[in-house]
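What follows is a short report on a single structure.
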Amino acid sequence: MTAPENQPSLKERYPGITRIPYHVGIIMDGNGRWAQARGLPRVAGHRAGTENIRRVLRAATELGIKVLTIYAFSTENWARPPAEVNALMRLLGEVIHRELDELHRNGVCIRHSGRLEGIAPDLQREIQRAVSLTCRNERIILNVAFNYGGRAEIVDAVRHLMRDGHPPEAVTEELISRYLYTGGLPDVDLIIRTGGEYRLSNFLIWQAAYAEYYATPTFWPDFDEDELAKAILEYGRRERRFGKVTPAE
């Protein structure tokens with residue numbers, strides 16, 4: 001997953017990139033509108049968006065991002081028309097079947113954040129196989145938020161730690177973080193939302209407490225390497241204070 005031969009790397013094309021976020025989350029919005037603007041069915045947009053993951057993952061790896069969390073399917077997405085939901089489920093299965101071996105060869109560690117309940121058993125097994133096969137890879141973590149909701153994640157974490165017998169006085173932010181789907185991963189540094197909207201949409205609401213936010217009108221299927229580089233450039237211009245103030249203030 002490197003830049004094509006005879007093409008400058010992203011860092012060569014964007015020398016202003018000097019600070020790389022460790023963990024980037026992407027809300028991949030605008031697939032349906034991308035398709036409708038072209039007179040295509042919405043599922044064509046979802047397919048194009050799925051194909052785009054490969055391009056953005058390659059660029060993230062090239063830039064040195066260590067964790068990329070993509071919002072693939074939310075707990076709220078079940079309310080969409082059944083045909084669209086079924087198409088999204090098929091697409092994920094197709095992507096795993098088609099891309100898994102190459103991702104594994106390229107050192108990608110796949111993680112799943114979300115609930116398996118409600119997902120077809122065959123797809124559950126495919127997800128678990130992908131996670132198990134790639135669990136020791138270290139080049140980049142691709143964390144797929146599928147059947148995911150930020151509030152559901154916190155509820156599941158609290159239920160789990162209660163089942164494990166932790167008394168109320170032992171509950172800390174660090175303990176809850178360990179029980180989240182993202183347990184073991186650092187909080188997200190930068191959240192990118194494509195498609196022109198300005199909402200978190202229940203995405204990483206615990207982990208994003210101090211994340212920087214970047215929104216672009218570009219629909220997800222058109223969000224390419226240069227768009228990612230622009231987001232990273234903007235991230236590098238910001239001063240992250242984590243609730244603190246500078247001496248001048």
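Values quoted throughout were computed directly from the atomic coordinates according to the rules given, and no laboratory measurement underlies them. Computed from a prediction, not measured in an experiment: that's the story for all the values here. Note that each Cβ is placed from the backbone with ideal geometry, even for glycine, and that neighbours are counted across all protein chains shown.
Restricting the trypsin sites (Lys or Arg not before Pro) of segment 80-184 to loop positions (DSSP other than H, G, I, E, B) with no more than 11 neighbouring Cβ atoms within 10 Å leaves 136.
Judged by the gyration tensor of its Cα atoms, with axes a ≥ b ≥ c, the chain is rounded; a/c sits under the 1.5 cut.
Put in line by how crowded their Cβ is, counting other Cβ atoms within 10 Å and starting with the fewest, 223, 146 read 146, 223. Residues of segment 169-193 with amide nitrogen under 16 Å from the 7 Å Cα-to-Cβ point of residue 234? Taking a point 7 Å out along Cα→Cβ of residue 234, the residues of segment 169-193 whose backbone N falls under 16 Å are 189-193.
Backbone phi angles across segment 227-236, fed through the Karplus curve with coefficients 6.51, -1.76 and 1.60 (θ = phi - 60°), yield HN-Hα couplings of 5, 5, 4, 4, 5, 5, 4, 5, 4, x Hz in residue order; Gly and Pro are listed as x.
Which value, in Å³ per residue, describes the convex hull spanned by the Cα atoms of segment 158-211?
Cα-based convex hull of segment 158-211, divided per residue, equals 94 Å³.
Each helix, a run of at least 4 DSSP H residues, gives -39500 (n - 2.57); summed and divided by the residues of the chain, these come to -13000 deg cm²/dmol at 222 nm. Taking a sphere under 13 Å around the Cβ of residue 132 and counting the other residues whose Cβ falls inside, with K and R at +1 and D and E at -1, yields a net charge of +3.
Between the amide H of residue 215 and those of 193, distances stay under 5 Å, these residues lying 5 or more places away or on another chain, with hydrogens modeled in the peptide plane. Would any residue of segment 192-218 have its amide N under 12 Å from a label point 7 Å out along Cα→Cβ of residue 154? List them or say none. Residues passing the 12 Å test: 202-209.
Exactly which GluC sites (Glu not before Pro) in segment 132-195 are in a DSSP loop and have at most 15 other Cβ atoms within 10 Å? If you can, show how the numbers build up before the last one.
Working: sites: 138, 153, 169, 173, 174; in loops: 138.
Filter output for segment 132-195: 138.
Farthest towards the positive end of the charge dipole of the chain, among the residues 57, 231, 89, is the Cα of 89, using unit charges on the Cβ of Lys, Arg, Asp and Glu. Counting only Cα atoms, segment 6-126 measures 46, 35, 26 Å along its principal axes, largest extent leading. Across segment 119-249, the fraction of Cα-Cα pairs farther apart than 20 Å, rounded to a whole number, is 62%. Couplings 3J(HN,Hα) of segment 102-107, computed from phi: 5, 4, 5, 4, 8, x Hz, in residue order, whole Hz [Karplus 6.51 cos²θ - 1.76 cosθ + 1.60, θ = phi - 60°; x for Gly and Pro]. Projected over every direction and averaged, the convex hull enclosing the alpha-carbon atoms of segment 72-140 yields 4.6 nm².
Taking the centroid of alpha carbons for each part, segment 76-129 and segment 179-249 are 24 Å apart.
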